[in-house]
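Heads up, the thing below is written out as structure tokens.
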Amino acid sequence: MTLLLIPGFMADATLWDAMTDDLAPFGPLCATDLSRGEDIETMAAAILGDAPDRFVAVGFSMGGYVARELARIAPDRVTALILIATSARGDTEELIRQRRSALKAAPKSFKGLSRPAIVSSLHPDLAGDEAMIARVRDMGLRLGGEVFHRQSAMARAGDLDRLDKIAQPTLIVAADADRLRGADEAEELHRGIAGSTLVHVARSGHMIPLEQPKTLAKAMTDWLATLS
């Protein structure tokens, strides 16, 4: 089976680097990013144009929204879903206002995500881990200011009311110390997608593929083995 790896907000293919050796036996692996498209629908369409004929859609954070959209628009091509540190809730009006206000105040020359934003996405124990902070910032720098502004300006619509239309086998992975996506959001996905499996990763913030790559890879491969 081909694993289509879809990262989240201002993350690129290097998000998965520490996992590729463990995932390779279930591969081939096909890494993409969310640098194209103005919303979830156009992001999914752009990815689908380059995707293999059939694949497991692995979506992290915002990539989870895209993975579910792929399952809806190409159900014959998406064989299974793995949704990591994500949600089915839409952006609130307050969150949209905050993002757009921040964009107006942002400098024209993009210098990467701010340190407070990066730290909020990590386990509290990693607040002073300069190497980890640099890894997150460097992904954003590679994607650049244009992608940052486009992704920040997006208003994500929720799909809680459409989860029951997902028929593919689905694994949902949540972190115990995720300050961006709560356990209740993972539970909503689990309840909404019939037959789904929910796994919790300990000692991780939002950035599970960077913080706990071995644990995440094992959860994924153990579950993938049940599909074959």
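Below are the figures for this structure:
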| read-out | value |
| --- | --- |
| Using alpha-carbon coordinates, inclination of helix 213-225 to the longest axis of the chain, degrees | 30 degrees |
| Cross-link partners of Lys218 among aspartates and glutamates (Cα-Cα below 20 Å; sequence separation of 8 or more within a chain) | Asp17, Asp21, Asp22, Asp176, Asp178 |
| Max mean-square fluctuation residue, GNM over the chain, Cα-Cα springs under 10 Å, options Asp159, Asp184, Asp138 | Asp184 |
| Fully extended contour minus Cα-Cα distance, from Thr226 to Asp50, at 0.36 nm per residue | 60.6 nm |
| Helix-derived mean residue ellipticity, 222 nm - over the chain, DSSP H n ≥ 4, -39500 (n - 2.57), to 500 | -12000 deg cm²/dmol |
| For the chain, size of Cβ-based charge dipole, Lys and Arg +1, Asp and Glu -1, in debye | 540 debye |
| Structure-derived Cα extents along the principal axes in Å: which label, when the choices are (1) 61, 37, 29; (2) 49, 33, 32; (3) 53, 39, 37 | (2) |
| Pair Ser109, Thr79: separation of 7 Å Cα→Cβ label points (nm) | 4.8 nm |
| Stretchable slack from Asp161 to Ala24, in nm (0.36 nm times residue separation minus alpha-carbon distance) | 45.9 nm |
| Under 20 Å from Lys165, Cα to Cα: aspartates and glutamates that are on another chain or at least 8 residues apart | Glu41, Glu69, Asp76, Glu185, Glu187, Glu188 |
| FRET efficiency for Asp39 and Glu130, using Cβ-Cβ distance with R0 set to 41 Å, rounded to 0.05 | 0.75 |
| Label-zone membership for the stretch 163-204, site Leu95, 7 angstrom Cα→C-beta point, backbone N under 13 Å | 179-186 |
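All of the numbers you see were taken from the coordinates with simple rules; none came from a lab. Because the structure is predicted, anything quoted here is derived from the model rather than measured. Quick reminder, even Gly has a Cβ in these numbers, built from the backbone with ideal geometry, and neighbours come from all protein chains shown.
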